[in-house]
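Read the structure below first, then the notes.
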Amino acid sequence: MAACDALQVKGVMAIQPYIQLLNVSYRYPRGEWVLRDLNLKLYQNQFTAITGPNGSGKTTLGKLISGIFKPVKGQVLINGRDSREMSLGEVGKRIGYLFQNPNHQIFAPSVVEEISLALKFRGLSEKEIHDIVADALEAFHLSHLKDAFPLRLSRGERQRLAIASILVNDPGFLIMDEPTTGLDLKRKKTLSGMLEDLGKKGIGMVVISHDNNFVRHHADRIIVISGGEIIDDRSC
Ligand SMILES: Nc1ncnc2c1ncn2[C@@H]1O[C@H](COP(=O)(O)OP(=O)(O)OP(=O)(O)O)[C@@H](O)[C@H]1O
Ligand SMILES: [Mg+2]
């Protein structure tokens, strides 16, 4: 982190943030405040890392910026729209969210059906679905597992499946919670390559991670959160 400077959002000040938090506070029902009065702008042309100690509120923040949770106080704007006014389906077309545990987002009895789910939901034709799924299977090295039961896959395979299922929605932004957990060096490199390709396509990315090597390798910006507050925000 020593190589990072105090935040300057270079050359993008004129561009609308993809996601904006305005005085956002959050607490779980009957709990203490977990996040306090956060203000944050996230841009599509940045790879942003969010780091900080266990229990500091990173996952909660990830679910707020992806529209899964709605703020208790303040506003989350996604493409300028209040997340409270958007259905999960509307948010899912704009923002993909990779859970800390990929099992939490795998529902279908086979790999092919899992990747097809969102496409069927969108009402695409059989032919369109077939072509998109075939491309995704190839891009994520899952073709040989297309008929497998998802929950029997290895951790790395399940993660590739979860990312593939998110990306067929064509979101403009991807939020990943601890994506390198449980991956060996080879799988981390595969993930790194996938994220670099997505970055080149202009997809904005937020990675919540304790993995300092991974963060230093990818991040254009590092946000540190502690005790529910942003204590540092630097561009790299
Ligand atoms: N469903 C919940 N109900 C009540 N409190 C919760 C819930 N989920 C998380 N919390 C509390 O909110 C705080 C922040 O949790 P969160 O999971 O966002 O932290 P984190 O920074 O992601 O931690 P980690 O590094 O361990 O993943 C913690 O004190 C946690 O106990
Ligand atoms: Mg967490």
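The values are calculated or read from the model by the stated rules, or taken from the named source; none is laboratory data. None of the values given here were measured: they were computed from a predicted structure. Cβ: placed from backbone, ideal geometry, glycine included. Neighbour counts: every protein chain shown.
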(message) Is it the case, given these coordinates, that Thr181 is assigned to a loop (DSSP other than H, G, I, E, B) and more than 20 Å from Leu64 (Cβ to Cβ)?
(response) yes
(request) From the list Arg187, Arg216, pick out the single residue that is part of a helix (DSSP H, G or I), farther than 29 Å from Leu124 by Cα and touching a Cys at 6+ places or on another chain (Cβ under 9 Å). (result) Arg216
(message) Return the residues of the range 195-211 that are more than 16 Å from ligand 2 (Cβ to nearest atom) and either assigned to a loop (DSSP other than H, G, I, E, B) or free of Cβ contacts under 8 Å to residues at least 40 places away in the same chain (or both); say none if nothing qualifies.
(response) Glu196, Asp197, Leu198, Lys200, Lys201, Gly202, Ile203
(request) Pull up the range 165-194, narrow it to residues that are in contact (Cβ under 8 Å) with a residue 60 or more places away in the chain and hydroxyl-bearing (Ser, Thr, Tyr), then point me to the one that is nearest to ligand 2 (Cβ to nearest atom). (result) Thr181
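Would you mind finding the one in Leu40, Leu88, Leu77 that is more than 12 Å from ligand 1 (Cβ to nearest atom), under 16 Å from Asp233 (Cα atoms) and either out of contact with any Gly (no Cβ under 9 Å at 6 or more places or on another chain) or not aromatic (Phe, Trp, Tyr) (or both)?
Sole residue among the options that is more than 12 Å from ligand 1 (Cβ to nearest atom), under 16 Å from Asp233 (Cα atoms) and either out of contact with any Gly (no Cβ under 9 Å at 6 or more places or on another chain) or not aromatic (Phe, Trp, Tyr) (or both): Leu40.
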(request) Would you check which residues across the range 177-236 are among the polar types (S, T, N, Q) and under 16 Å from Ser56 (Cβ atoms) and list them? (result) Ser209, Asn212, Ser226
(request) Working carefully through the options Arg187, Arg158, Arg152, find the one that is charged (D, E, K, R), at pLDDT 90 or above and in contact with a helix residue (DSSP H, G or I) (Cβ under 7 Å, 6 or more places away or on another chain). (result) Arg158
